[in-house]
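Contents: one structure, followed by commentary.
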Amino acid sequence: MEKIGIIGAGGFGREVLCLIKDVYNLSDTEASENVCFIETDDLWSQREVNGINVLSMSGFNFEESRIVIAIGDPLKRKKISELIPKNAKYITLIHPSVIMSKWVEIGYGSIICAGTILTCNIKLGNHAHLNLHTTVGHDIIAGDFFTTAPAVNISGKCKFGHSVYCGTNVSFRENLFITDNVVVGMGAVVVKDITVSGVYIGNPLRRIDK
């Protein structure tokens, strides 16, 4: 198999390690030989996490491996992407349990976690993350760095901008527009367009000062 570098050794990075082991059916030994974690130089310390070596970004050879950014916060993920060499090769990871039609387009560097369902005529941007048991209805368009926490439910014909984060158990009514740089807090119910960037919570949904 190809070598894979996971940028981020935190909670989601460790979950992505599990996803990679499921995708490639790797033993612990095979994973330690073919996968590594990567951290920015300011955070890095020499160690292993769950049996996998952690390398610094400056010490990692981006020409020899494919990479994926496993950082949940879309704005932090975007900043990390700007530090990565332009010739880096990204991998898109889709768990074997994911159900999706052939009419789904997924951008590079994306991660689709276990139990997710994508129906039809869906387009996700680059570096998208769909966490566990997300459901995505028909005719959805989502920009780069689109992110869902577990159990988000999206009805059909919604359009999302770039760097949108949806917390656990958020529900979206059909035919909505969500602008760039929006955070929707866990358990919220979205029934109207969101045209102003910011943090939104509750049911009914309201914008709060971050």
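The values are calculated or read from the model by the stated rules, or taken from the named source; none is laboratory data. What you see is a predicted model, and the numbers here were worked out from it, not measured in a lab. Note: ideal-geometry Cβ built from the backbone for every residue, glycine included; neighbour counts use all protein chains shown.
Quick check: is even one residue across the stretch 177-189 in contact with a Pro (Cβ under 8 Å, 6 or more places away or on another chain) and more than 23 Å from residue 12 (Cβ to Cβ)?
Quick first cut of the stretch 177-189, residues in contact with a Pro (Cβ under 8 Å, 6 or more places away or on another chain) only: 189.
If we keep only those that are more than 23 Å from residue 12 (Cβ to Cβ) too, we end up with 189.
The answer is yes; a qualifying residue exists.
Taking residue 96 and the conditions (1) at pLDDT 95 or above; (2) out of contact with any helix residue (DSSP H, G or I) (no Cβ under 7 Å at 6 or more places or on another chain), which numbered condition does it fall short on, given that it satisfies the others?
(2)
Could you tell me whether any residue of the stretch 129-136 is part of a loop (DSSP other than H, G, I, E, B), surrounded by 22 or more Cβ atoms within 10 Å (Cβ to Cβ), modelled with pLDDT of 95 or more and polar (S, T, N, Q)?
The first filter runs over the stretch 129-136 and keeps only residues part of a loop (DSSP other than H, G, I, E, B), leaving 131-134.
Then drop every residue that is not surrounded by 22 or more Cβ atoms within 10 Å (Cβ to Cβ), which leaves 131, 134.
Add one more test, that the residue is modelled with pLDDT of 95 or more, and what stays is 131, 134.
Applying the additional criterion that residues be polar (S, T, N, Q) yields 131, 134.
Yes, the stretch 129-136 contains a residue that is part of a loop (DSSP other than H, G, I, E, B), surrounded by 22 or more Cβ atoms within 10 Å (Cβ to Cβ), modelled with pLDDT of 95 or more and polar (S, T, N, Q).
Only one of (1) more than 22 Å from residue 140 (Cβ to Cβ); (2) touching a residue at least 40 places away in the same chain (Cβ under 8 Å); (3) crowded, with 17+ Cβ neighbours inside 10 Å fails for residue 35. Which number is that?
Unmet for residue 35, out of (1) more than 22 Å from residue 140 (Cβ to Cβ); (2) touching a residue at least 40 places away in the same chain (Cβ under 8 Å); (3) crowded, with 17+ Cβ neighbours inside 10 Å: (2).
How many of the residues making up the stretch 146-165 are under 19 Å from residue 186 (Cβ atoms) and assigned to a loop (DSSP other than H, G, I, E, B)? Show your work before the answer.
Just the residues of the stretch 146-165 that are under 19 Å from residue 186 (Cβ atoms), to begin with: 146-155, 158, 160, 163-165.
Cutting the leftovers down to assigned to a loop (DSSP other than H, G, I, E, B) gives us 146, 149-152, 155, 158, 163-164.
So the count comes out to 9.
Just to verify a result, which residue in the stretch 1-32, among those that are within 20 Å of residue 88 (Cα to Cα), touching a residue at least 40 places away in the same chain (Cβ under 8 Å) and among the hydrophobic types (A, V, I, L, M, F, W, C), is surrounded by the fewest Cβ atoms within 10 Å (Cβ to Cβ)?
Keep residues of the stretch 1-32 that are within 20 Å of residue 88 (Cα to Cα), which gives 1-9, 13, 16-17, 20.
From the residues that got through so far, the ones that are touching a residue at least 40 places away in the same chain (Cβ under 8 Å) too are 2-9, 13, 16, 20.
Pick out the ones that are also among the hydrophobic types (A, V, I, L, M, F, W, C) and you get 4, 6-7, 9, 16, 20.
Values: 4: 20, 6: 29, 7: 24, 9: 25, 16: 24, 20: 23.
Looking at the filtered set, the residue picked out is 4.
I'd like the residue in the stretch 180-202 that is surrounded by fewer than 18 Cβ atoms within 10 Å (Cβ to Cβ) and among the hydroxyl-bearing types (Ser, Thr, Tyr) and, out of all such residues, is farthest from residue 140 (Cα to Cα).
Taking the candidates together, the pick is 197.
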